[in-house]
């Protein structure tokens with residue numbers, strides 16, 4: 001896959017994710033990670049995505065206009081500890097978290113993957129990563145840790161209360177896929193295999209040096225080479241949309257930058273954008289056949 005793009009992180013736009021522990025501690029209870037719970041868990045399955053943002057109102061308005069998401073204030077969050085759930089197609093799929101007051105202006109999506117936070121925090125350290133927020137219990141959600149991979153990319157591991165929700169193929173305006181853009185995909189694939197126990201397969205062409213991470217008999221995420229060495233490595237969540245042309249135009253009108261213009265990729269059309277506060281995300285007009 002060959003992309004032409006600009007750096008999505010300008011000066012001062014990254015959220016101070018090292019301070020995310022403060023934001024986590026402020027909220028008294030958290031919504032569950034999808035329902036109903038199955039009682040089973042698949043390590044490495046991505047369950048949820050949270051946007052950490054220094055401007056909850058601006059982020060809420062942008063995503064509501066682009067995807068039609070209903071952003072619901074969680075009852076236990078007030079003032080500086082605001083947390084909004086993303087509700088679409090009758091389901092909760094993620095949330096917006098207020099960053100600590102001293103965070104730099106910006107936003108970033110962070111995925112929550114199923115697993116044992118204590119064990120995976122230990123494995124992350126062993127294989128060149130770091131623990132940003134040590135494992136802790138979040139009432140209503142379960143045990144969670146925020147980790148950092150060797151390239152500095154943040155992700156979370158959660159042992160959800162009651163187990164994971166059932167597998168679900170994202171419908172329009174829901175999450176469809178998640179992909180790590182890395183300067184060293186082979187090293188990244190080794191790291192995530194060692195942390196989560198993924199089965200790793202190759203994908204794409206030699207230029208993209210792509211990998212697919214599988215767990216529980218399904219592909220769970222992808223890894224591809226960053227198209228530009230000046231870019232920061234990042235996990236990119238994909239939203240499924242009915243019309244990529246219309247979605248990209250709505251995003252552009254509401255302040256997004258288009259990093260990768262819509263183009264065909266396998267059976268999909270994809271585009272990559274950066275929201276008004278600097279968070280990269282992708283959209284895909286996907287057809288199963």
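The numbers here are math on the coordinates, done by the rules we state, and not lab data. From a predicted model like this one, the values you see are computed outputs, not experimental measurements. Neighbour counts are summed over all protein chains in view; Cβ atoms, including those assigned to glycine, are modelled from backbone coordinates with ideal geometry.
Describe numerically, in nm with one decimal, the distance between label points set 7 Å from Cα along Cα→Cβ at residue 130 and at residue 29.
If labels sit at residue 130 and residue 29, their model points lie 3.5 nm apart.
Multiplying the sequence separation of residue 265 and residue 167 by 0.36 nm and subtracting their Cα-Cα distance, what value in nm do you get?
On the way: separation 98, 0.36 × 98 = 35.28 nm, distance 2.40 nm.
Here the segment from residue 265 to residue 167 would lengthen by 32.9 nm.
Please rank 30, 48, fewest neighbouring Cβ atoms within 10 Å first, as an exposure proxy. All intermediate terms of the calculation are to be shown ahead of the outcome.
Working: 30 22, 48 25.
Going from sparsest to densest Cβ surroundings: 30, 48.
So how far, in whole Å, is the C-alpha centre of segment 102-129 from the one of segment 203-272?
21
Any chance you could run the full-extension gain for residue 137 through residue 242? It's 0.36 nm times the residue separation minus the Cα-Cα distance, nm to one decimal.
Values: separation 105, 0.36 × 105 = 37.80 nm, distance 3.76 nm.
The residue 137-residue 242 span can extend by a further 34.0 nm.
R0 = 22 Å: FRET efficiency of residue 252 with residue 219, Cβ-based, nearest 0.05?
Details: r = 30 Å, r/R0 = 1.38.
Result of the calculation: an efficiency of 0.15.
Between residue 89 and residue 70, what is the label-to-label distance in nm when each label sits 7 Å out along the Cα-to-Cβ direction?
Spacing of the two 7 Å Cα→Cβ label points: 1.6 nm.
Let a ≥ b ≥ c be the square roots of the eigenvalues of the Cα gyration tensor of segment 184-247; is it rounded (a/c under 1.5), or, if not, prolate (a/b larger than b/c) or oblate?
Numbers: a/c = 1.99, a/b = 1.28, b/c = 1.56.
It comes out oblate by the Cα gyration axes.
Ranking 198, 266, 63 by Cβ neighbours within 10 Å, fewest first, what do you get?
Least crowded to most crowded, the residues run 266, 198, 63.
Quick one: length gained pulling residue 200 to residue 232 fully straight, 0.36 nm per residue minus the C-alpha distance?
Numbers: separation 32, 0.36 × 32 = 11.52 nm, distance 2.30 nm.
Full extension of this stretch gives 9.2 nm more.
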